[in-house]
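The values are calculated or read from the model by the stated rules, or taken from the named source; none is laboratory data. Bear in mind that the values here come from a model prediction, so they are computed numbers and not experimental data. Every residue, glycine among them, receives a Cβ derived from its backbone with ideal geometry; neighbour counts consider all protein chains shown.
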Amino acid sequence: MEFEILGNKDTRSGFGEGLAELGRTNPDVVALCADLTGSLKMDAFQKENPDRFFQAGIAEANMIGLAAGMTIGGKIPYTGTFANFSTGRVYDQIRQSVAYSQKNVKICASHAGLTLGEDGATHQILEDIGMMRMLPNMTVIVPADFNQTKQATIAIAEHNGPVYLRFGRPVMPIFVKPDAKFVIGKADILTEGTDVTIIACGHLVWKSIEALAILKEKGISAELINMHTIKPLDVPAILTSASKTGCVVTAEEHMMNGGLGEAVSQVLSRELPCPQEYVAVNDSFGESGTPMELMTKYGIDTQDVVNAALKAIARKG
């Protein structure tokens, strides 16, 4: 399957455009930001809806508390800051005031993973998917490109309950069609194959698309699944594909522990034991560097997906 590149843009801009569109169509949507309006691309919403935008300042815990309270009045609050501050800094407030209380808060997190780049390890959170998927009542979404992030941003307004929406800063190719329908919990099968299943999320979907071409040159037929929703996981898609190929690779810009790979392995271990290889950061903090340099150094680049696929196939015996 050939993938048409529709442009290049960062996923955070998809969030900004989706939020702005919601501002024009859904009067119940409000937005809160922790002093990073420009970085989160929330400017358009703020300009068009000044009475529905709340600048919380560098007080993320207070922002989550405010958002939880707003839901009681029927509002649909979208909070925005970096992924590290959206989760690690405010985990207690999210656990108690949002997840436990089942409040309709949309926690929108930019600059996730290693591709935050030069800001370094203190900002490059690699544990957030695990932290959020372990919370009861929480939906966790990691879209693949600009268009899908915009679509997900709009779609979660219709979902009643807490959502963690994770996206990033680097400019990446756009390949999801602008009119594609985003369905929470329903994976996108991007290619069909018979030799290995590759399940990816976020920026690693594009890296996996690049890996497909290399694998094809080696005579390997790979099935690629864009698992944009980490929770609830599309279990039927995993089992259907793995039963056909007999082995799985998971690819994510996250720690090996707690993320997409672990979620998939729980399914396979219970339902369909088969070889699985992980493309993820292996129990390490990041460091300062360009996004692509860091992806290569920490083993989450195109060639790492290829190597994992070859290893998984070899393990089939």
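Residue 220 - would you say it is over 20 Å from residue 138 (Cα atoms) and outside the structural domain of residue 130 (by TED's automatic domain parsing)?
Against the criterion (over 20 Å from residue 138 (Cα atoms) and outside the structural domain of residue 130 (by TED's automatic domain parsing)), residue 220 qualifies.
What are the residues in region 1-35 that are surrounded by fewer than 18 Cβ atoms within 10 Å (Cβ to Cβ) and of a type in the set (A, V, I, L, M), if any?
1, 5, 6
Please work out which one of (1) without any contact (Cβ under 8 Å) to a residue 60 or more places away in the chain; (2) within 20 Å of residue 155 (Cα to Cα); (3) over 23 Å from the mean Cα position of the chain (by Cα) is the condition residue 69 fails and give its number.
The failed condition is (2).
Please determine whether any residue of region 109-123 is in the same structural domain as residue 151 (by TED's automatic domain parsing), in contact with a Leu (Cβ under 8 Å, 6 or more places away or on another chain) and on the phi > 0 side of the Ramachandran plot. Reasoning before the result, please.
First, pick out the residues of region 109-123 that are in the same structural domain as residue 151 (by TED's automatic domain parsing): 109-123.
Next, only the ones that are in contact with a Leu (Cβ under 8 Å, 6 or more places away or on another chain) stay: 109-110, 113-115, 117, 123.
When the remaining residues are screened for being on the phi > 0 side of the Ramachandran plot, the result is 113, 117.
Yes: region 109-123 contains one or more residues that are in the same structural domain as residue 151 (by TED's automatic domain parsing), in contact with a Leu (Cβ under 8 Å, 6 or more places away or on another chain) and on the phi > 0 side of the Ramachandran plot.
Among the residues of region 289-315, write down those that are part of a helix (DSSP H, G or I) and either of a type in the set (Gly, Ala, Ser) or closer than 10 Å to residue 114 by Cα (or both). Give the steps one after another, and end with the answer.
Applying the first criterion (part of a helix (DSSP H, G or I)) to region 289-315 yields 291-297, 302-315.
If the condition is that a residue be part of a helix (DSSP H, G or I) and either of a type in the set (Gly, Ala, Ser) or closer than 10 Å to residue 114 by Cα (or both), then 291, 292, 293, 294, 295, 308, 309, 312, 314 are the ones that fit.
Could you please find all residues in region 192-212 being touching a Phe, Trp or Tyr at 6+ places or on another chain (Cβ under 7 Å) and of a type outside the set (A, V, I, L, M, F, W, C)?
none
I'm trying to understand the selection: among the residues of region 184-203, which are surrounded by fewer than 24 Cβ atoms within 10 Å (Cβ to Cβ), closer than 19 Å to residue 263 by Cα and aliphatic (A, V, I, L, M)?
If we filter region 184-203 for residues that are surrounded by fewer than 24 Cβ atoms within 10 Å (Cβ to Cβ), which is where we start, we get 184-195.
Still in the list and also closer than 19 Å to residue 263 by Cα: 184-189.
Scanning region 184-203 gives 184, 187, 189.
Enumerate the pairs (first residue in region 46-65 and assigned by TED's automatic domain parsing to the domain that holds residue 162; second residue anywhere and polar (S, T, N, Q) and in a helix (DSSP H, G or I)) with beta-carbon separation below 7 Å, excluding pairs fewer than 6 apart on the same chain, so at least 6 apart or on different chains.
Hits for this filter: 53/46; 56/62; 61/93; 64/93; 64/97; 65/93; 65/97.
Please pick out the residue among 73, 69 that is more than 30 Å from residue 210 (Cβ to Cβ), modelled with pLDDT under 95 and either among the small types (Gly, Ala, Ser) or in contact with a Ser or Thr (Cβ under 9 Å, 6 or more places away or on another chain) (or both). Working first, answer last.
Values: 69 fails: modelled with pLDDT under 95.
Every option except 73 fails the conditions.
Taking into account only those residues within region 121-163 that are among the charged types (D, E, K, R) and in contact with a Lys or Arg (Cβ under 7 Å, 6 or more places away or on another chain), which is farthest from residue 45 (Cα to Cα)?
Step one: of region 121-163, the residues among the charged types (D, E, K, R) are 127-128, 133, 145, 150, 158.
Now drop any that are not in contact with a Lys or Arg (Cβ under 7 Å, 6 or more places away or on another chain), which leaves 128, 133.
On the way: 128: 26, 133: 28 Å.
Among those residues, the one meeting the criterion is 133.
Would you please name the residue that is surrounded by the most Cβ atoms within 10 Å (Cβ to Cβ), looking only at residues in region 117-175 that are among the acidic types (Asp, Glu) and farther than 20 Å from residue 96 by Cβ?
Here is the first cut: in region 117-175, the ones among the acidic types (Asp, Glu) are 118-119, 127-128, 145, 158.
From what's left, farther than 20 Å from residue 96 by Cβ: 118-119, 145, 158.
Working: 118: 11, 119: 14, 145: 28, 158: 9.
Within region 117-175, the match that is surrounded by the most Cβ atoms within 10 Å (Cβ to Cβ) is 145.
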